[in-house]
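Visitor: Following this message is one structure expressed as structure tokens.
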């Protein structure tokens, strides 16, 4: 079945924010008296979904009376300021244009809070290429599977006609859960070595997406 729709992840896939996230994570860890991450490699080794498990692994108390909620809220404050200086990954605009010109519909489905996501996407004027931007209803980034399933249902789509493009194992998990195809980008929140173990194509350049679609 031909691909008719492309679902983009935002953070780490279209938005080049990984270095920013490492910096913010280390600032947060310092504020809470926890050990810092050892650069990008340390971040890649620890990052995971759901985010509460990532925080637990970093040393935050995720019990009902713990400091996870305060840490998550503080992270959003720090990240919002820091990420204002982030741009799109190299090749993102050209790839979005190429897919639009080829007649494919494109959307973002993200585990970011909808309000925060809308504010972050707005400066890039992605409406030139995207039909919609879908986030979740809170700041805890548990999962975007429900958002993806609702979108597929509302659009009356066969998942086999949809390609998910992301940068993390969670993107693979969502595509696999709904029965869609998946391509993973190595420039984001999980290392290439980790992504290669998931059994789907891994690309180092977003500009590879149109050619990959053509090969299918």
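Visitor: Compare 72, 177, 111 in a GNM of the chain, Cα atoms joined below 10 Å, and give the one with the largest fluctuation.
Guide: Between 72, 177, 111, it is 177 that shows the largest mean-square fluctuation.
Visitor: Could you work out how far apart the two model spin labels at residue 100 and residue 196 are, taking each label as a point 7 Å from the Cα in the direction of the beta carbon, and quote it in nm?
Guide: My value for the distance between the label points is 3.5 nm.
Visitor: Can you tell me how region 123-216 classifies by the Cα gyration tensor, rounded, prolate or oblate, using a/c under 1.5 as the rounded cut?
Guide: Rounded, because the longest to shortest axis ratio a/c is under 1.5.
Visitor: Nearest 10 degrees is fine. How inclined is helix 92-101 to the longest principal axis of the chain, computing both from alpha carbons?
Guide: The answer is roughly 30 degrees.
Visitor: Name the shape class, rounded, prolate or oblate, that the alpha-carbon gyration tensor gives for region 57-113, where a ≥ b ≥ c are the square roots of its eigenvalues, rounded holds for a/c under 1.5, and otherwise prolate holds if a/b is larger than b/c and oblate otherwise. Mind showing how you got there, number by number?
Guide: Working: a/c = 4.02, a/b = 2.49, b/c = 1.62.
Taking the square roots of the gyration eigenvalues as a ≥ b ≥ c, region 57-113 is prolate.
Visitor: Here's a follow-up. Beta carbons within 10 angstrom, averaged per residue: use that to sort the peptides 183-189, 155-161, highest first. Walk me through the intermediate numbers first.
Guide: On the way: 183-189: 23.4, 155-161: 13.4.
The densest-packed peptide leads the list: 183-189, 155-161.
Visitor: For region 49-144, just say rounded, prolate or oblate: build the C-alpha gyration tensor, square-root its eigenvalues into a ≥ b ≥ c, call rounded for a/c under 1.5, and beyond that prolate if a/b exceeds b/c, oblate if not.
Guide: Details: a/c = 2.73, a/b = 2.25, b/c = 1.22.
Cα axes put region 49-144 in the prolate bin.
Visitor: If you don't mind, there's one more thing I want to ask. Taking just the alpha-carbon atoms of the chain, what radius of gyration and Dmax come out, in angstrom?
Guide: Taking only Cα atoms of the chain, I get Rg and Dmax of 16.9, 52 Å.
Visitor: Moving on. Give the angle, between 0 and 90 degrees and rounded to the nearest 10, that separates the Cα long axis of helix 169-178 from the longest principal axis of the Cα atoms of the chain.
Guide: 50
Each reported figure results from applying straightforward, stated rules to the coordinates on display, with no laboratory input. Please read all numbers here as calculations on a predicted model, not as lab measurements. Virtual Cβ from ideal backbone geometry, glycine too; neighbours counted across all protein chains shown.
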